[in-house]
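The values are calculated or read from the model by the stated rules, or taken from the named source; none is laboratory data. Keep in mind it's a predicted model, so treat the numbers as computed, not measured. Cβ placement follows ideal geometry from the backbone for every residue including glycine, while neighbour counts extend to all protein chains displayed. To get the accessible areas, we keep the full protein, side chains included, count just its heavy atoms, and leave off ligands, DNA and RNA. Shrake-Rupley method; radii C 1.70, N 1.55, O 1.52, S 1.80 Å.
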Amino acid sequence: MTITSFFQGIEFANPYYFLLLLLIIPVAAWKYFFRRRMQASFTVPTVIPVEKTGKTLKVRLRWIPVSLLVLSYIALIVALARPQSSFRLSDVEVEGVDIVLAIDISGSMKAMDFRPNRLDACKRVAEEFILGRPTDRIGLVVYAGEAYTQCPVTSDHTTLLGSLKKVKFDIIEDGTAIGDGLGTAINRLRESEAKSKIIILLSDGVNNSGYIDPYSAAEIAKNMNIKVYTIGCGTNGQAPYPTPYGTTMMNTEIDERLLQTIAQQTGGKYFRATNNDKLKAVYEEIDKMEKTILNETIFENKADMFFPFLLAGVILLVLNLLLRYTIFRINP
């Protein structure tokens, strides 16, 4: 870790103590210029007997006590300045949207053109989508021949993900009630005060049951300023489908015209996903398009960090004294 990275996020409660570091300059000047004149000297007729004598190790290392004293002084000044780690209380901008995922759980979602099937693939991608939006409030609606709320709009994503894992087949009457699924999702957002409200509606079939007309539900969403993104899930043509007698081929029928109309009418966009990767790409594209700025307050917490500098200063000072009065002692 570099010194620069260490001091990032560090503030000093008493920064004016750093002015004391300027005292090092006159002290160093005095020691170099004036103290040399105060040293005792004597005259000898010749230096020939000692001119070939080399410097001892003690002479070569005589700078150590002075260096330790300077470092000790600097460390103590930093301690006096009271370094503090700071977590600032401030208003920052974060992204947030109220979202409802409306997922088709009709029998046709068992088709295996997605791995391992359409529903499980959708659940995995939805989970990644939820984990990628920690500041959003998200709800979950499932529908087949009818619709119900699996999880209301919430910021508790742990509960939401638990509800998502519990989604399975045959818990409601089979069929494809796109209007009911959309209507239930709209109802989840009816009391939302968010500036941006969206529904991600996924279907792999044709509306063939339910009580609410899909076009009427789209008109309601438009009037409530709810944007609907629709996803047609399934390959073009046929898809393998599991039966008690083995795998058979099933025709893929998706009312793309209906899904396109719902998206266009509400200001959203229609997507077609024909495999796992394309389904994931669809959610990633929606994730990029739907970003709203909200204000969030960050709490500030400060912690003093002077003690390591104080300890280092004391240790260096003690070492200086030990060396000065033992190994580098000037007077016997």
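For the range 137-205, rounded, prolate or oblate, judged on the Cα gyration tensor with a ≥ b ≥ c (square roots of eigenvalues), a/c < 1.5 rounded, else prolate if a/b > b/c? Write down the numbers at each step before the final one.
Working: a/c = 2.35, a/b = 1.32, b/c = 1.78.
Verdict is oblate for the range 137-205.
Selection among ALA217, TYR245, THR176 by position relative to the dipole of the range 175-313 gives ALA217 as farthest towards the positive end (Cβ unit charges, Cα centre). Charge tally around GLY232: other residues with Cβ under 14 Å, Lys/Arg +1 each, Asp/Glu -1 each, net -1. Report note on the peptides 98-107, 311-320, 187-196: ranked by the mean count of other C-beta atoms within 10 Å, highest first, their order is 98-107, 311-320, 187-196.
Using a 1.4 Å probe and counting only protein heavy atoms, arrange LYS288, LYS269, LYS168 so the residue with the most accessible area comes first. It would help to have the intermediate numbers written out before the result.
Details: LYS288 155, LYS269 85, LYS168 120 Å².
From most accessible down to least: LYS288, LYS168, LYS269.
Surface analysis of the range 116-224 yields an accessible area of 45 Å² per residue, using protein heavy atoms and a 1.4 Å probe. Residues in the range 310-322 carry Karplus couplings, in order, of 5, 5, 5, x, 5, 4, 5, 5, 5, 4, 4, 5, 4 Hz; the curve used is 6.51 cos²θ - 1.76 cosθ + 1.60 with θ = phi - 60°, and Gly or Pro positions show x.
Counting other Cβ atoms within 10 Å of each Cβ, which chymotrypsin sites (Phe, Trp or Tyr not before Pro) in the range 116-174 have at most 16 and sit in a DSSP loop? Present the calculation step by step, with values, prior to reporting the outcome.
Details: sites: PHE129, TYR143, TYR148, PHE169; in loops: PHE169.
Of the chymotrypsin sites (Phe, Trp or Tyr not before Pro), the ones in loops of the range 116-174 whose Cβ has at most 16 other Cβ atoms within 10 Å are PHE169.
Would you work out if the range 110-243 is rounded, prolate or oblate? Take a ≥ b ≥ c from the square roots of the eigenvalues of the alpha-carbon gyration tensor; rounded if a/c is under 1.5, else prolate when a/b is larger than b/c, oblate otherwise.
Numbers: a/c = 1.79, a/b = 1.23, b/c = 1.46.
Since a/c reaches 1.5 but b/c is at least a/b, the shape of the range 110-243 is classed as oblate.
Count Lys and Arg as plus one, Asp and Glu as minus one, and take only other residues whose Cβ is under 12 Å from that of LYS165; the net charge is then +2. For the range 211-286 versus the range 93-171, the inter-centroid distance based on Cα atoms is 14 Å.
So if I place +1 on the C-beta of Lys and Arg and -1 on the C-beta of Asp and Glu, and nothing else carries charge, what would the dipole magnitude of the range 126-244 be about its Cα centre? I want it in debye, nearest 20. With only Lys, Arg, Asp and Glu charged at Cβ, the dipole is about 420 debye. Counted by Cβ distance under 15 Å from PHE18, the other residues give a net charge of 0, where Lys and Arg count +1 and Asp and Glu count -1. In this structure ASP120 has an accessible area near 50 Å², from a 1.4 Å probe over the protein heavy atoms.
A prolate overall shape is assigned to the range 205-267, the ratio a/c of its alpha-carbon gyration tensor axes (a ≥ b ≥ c) being 1.5 or greater and a/b exceeding b/c.
Computed with a 1.4 Å probe on the full set of protein chains, the accessible area for LEU76 sits at about 50 Å². TRP63 exposes around 140 Å² of accessible area when a 1.4 Å probe is run over every protein chain in place.
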